[in-house]
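Asks: Quick one: the structure is below, questions incoming.
The values are calculated or read from the model by the stated rules, or taken from the named source; none is laboratory data. Note that the structure is a prediction, hence the values are computed from the model and not measured. Backbone-built Cβ (ideal geometry, glycine too); neighbour counts: all protein chains shown.
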Amino acid sequence: MMSSRIYYAILCCIWMDGLATTDAFMASRQAAVPRITLEEFLAAPIRDKPIIIRDIVSPEDIESLADDLLSTLGKEQIQMQHKIKDDDGKTITEIYDLCLFESVEYMMDSEHDDSFFAFVEGLLPSSTTTKLHKQLTDIREAPYPQQEDWFDYFPENIRPSDAIILAGEGAVSTLHRDPFEWTGTSLCLEGVKIWRFIPTPATADGGVAKVDKELQSYRLDSIAWEQEENQQSVPLVLSAGWQSDMTLYDSIDEDFPTAFEWASMEEENNAAFLNEIVSQGSDSSRLRPSSVASDALKSIDDTTPFVTATQFAGDLLLIPAHCWHQTYAPVPSIAVASQRCGISDGAKVVQHVIDLTKNDRIKVPDILQRREYKEEGIGKQVVTELLGFAIDSNTA
């Protein structure tokens, strides 16, 4: 009997063959989040809006990366979320401990109101994934040739790590914006992911603070640095993200296709599949936000409540700082989320850490007060000064 993993791999191969026609289709549709080639991005970089760099690696290579990830890390123990929505609309979340490869089997049985999801940190990088992690890093860094990633200068124990994200049909991430206010990245290895981004209003209307307020956001510490003080361990919080309990994917039309129906549609008519999955994924009458989220979106921007991206295997998505987002899985998917910090977003990351660690008794070094950084090669000095300031502020 064919396993669900092998069955899904076959379906992936089928729709990967059709990706060559995706770009002509996307161009005619004018997707909300642009899909461009790596060459187009390098010629005219986009830093302040979400962007999809399409086909950043070949279909063969992306399939190989997915296989390598599962074969290398498949036996690692992870935690998987199981979300069940009852008839009253209440959601129950259960947490299971199992190995990564077993979780893929559950993803195949996922449904909109009975879904499986895993956000796995700590496996990349590791001693067993050196080659795989380098391949993934090279892909992530391709849009930034000869540019520093300032996180490389952070001590290894507080350096942000990559995350493996597995999502079954109907799985929804939290509605959030990222800690550190970095540039986030997502490389889709298998499946399709639907993203909704909330545009940041003009500064005159409150900027991202207005979005934070309307979404009733709260902060979640993400990285804490254990410091020794008087022979006791004292945590130093360096970053904290923003999260909301609202959702942009609260309910779904009864005739919204299942993962199996999407796969069948793609196999029978690739053009129809592309049209439908992009169209229905961006249709808020088919995938409906909660009522409180809808009210919040109207308060933020009544004309453009959110913009949508449809991410396919082989696509690299770049997410700028301050950008609220949430994902939905119409079919099972595997992705790797990562982040970087360079001169374009260095000032935001520096200010983020200062805001969390500052002490009025400690002067902020001049190099940390810059509103922007323009020269490459300054990252190591900035990070050294930043971490020194954070430690001094914590112990003063």
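Asks: Determine which member of the set TYR106, TYR96 is surrounded by 20 or more Cβ atoms within 10 Å (Cβ to Cβ) and more than 19 Å from the chain's Cα centre (by Cα).
Replies: TYR106
Asks: One residue is enough: does the range 296-310 have a residue meeting the conditions modelled with pLDDT of 95 or more, within 30 Å of GLN135 (Cα to Cα), small (Gly, Ala, Ser) and assigned to a loop (DSSP other than H, G, I, E, B)?
Replies: Checked the range 296-310: no residue is modelled with pLDDT of 95 or more, within 30 Å of GLN135 (Cα to Cα), small (Gly, Ala, Ser) and assigned to a loop (DSSP other than H, G, I, E, B).
Asks: Do you know which of the residues in the range 180-222 that are assigned to a strand (DSSP E or B) and surrounded by fewer than 19 Cβ atoms within 10 Å (Cβ to Cβ) is modelled with the lowest pLDDT?
Replies: SER222
Asks: Looking at GLU276, GLU261 in this structure, which one is out of contact with any Gly (no Cβ under 6 Å at 6 or more places or on another chain), in a helix (DSSP H, G or I) and touching a residue at least 12 places away in the same chain (Cβ under 8 Å)? I'd like the intermediate steps shown before the answer.
Replies: On the way: GLU261 fails: touching a residue at least 12 places away in the same chain (Cβ under 8 Å).
Result: GLU276 is the single residue among GLU276, GLU261 that is out of contact with any Gly (no Cβ under 6 Å at 6 or more places or on another chain), in a helix (DSSP H, G or I) and touching a residue at least 12 places away in the same chain (Cβ under 8 Å).
Asks: Working only within the range 313-337, note down all residues that are of a type in the set (Gly, Ala, Ser) and at pLDDT below 95.
Replies: To start, the set of residues in the range 313-337 that are of a type in the set (Gly, Ala, Ser) comprises 313-314, 321, 329, 333, 335, 337.
Answer for the range 313-337, where residues must be of a type in the set (Gly, Ala, Ser) and at pLDDT below 95: just ALA321.
Asks: Tell me, please, whether a residue that is assigned to a strand (DSSP E or B), more than 20 Å from the chain's Cα centre (by Cα) and more than 20 Å from ASP162 (Cβ to Cβ) can be found in the range 70-80.
Replies: no
Asks: A further question follows. Of the numbered conditions (1) surrounded by 24 or more Cβ atoms within 10 Å (Cβ to Cβ); (2) part of a loop (DSSP other than H, G, I, E, B), GLY342 fails exactly one; give the number of that condition.
Replies: Failed condition: (1).
Asks: Of these, ARG370, ARG340, which one is among the charged types (D, E, K, R), farther than 25 Å from TRP262 by Cβ, modelled with pLDDT of 95 or more and within 15 Å of the chain's Cα centre (by Cα)?
Replies: None of the other options fit; the residue is ARG340.
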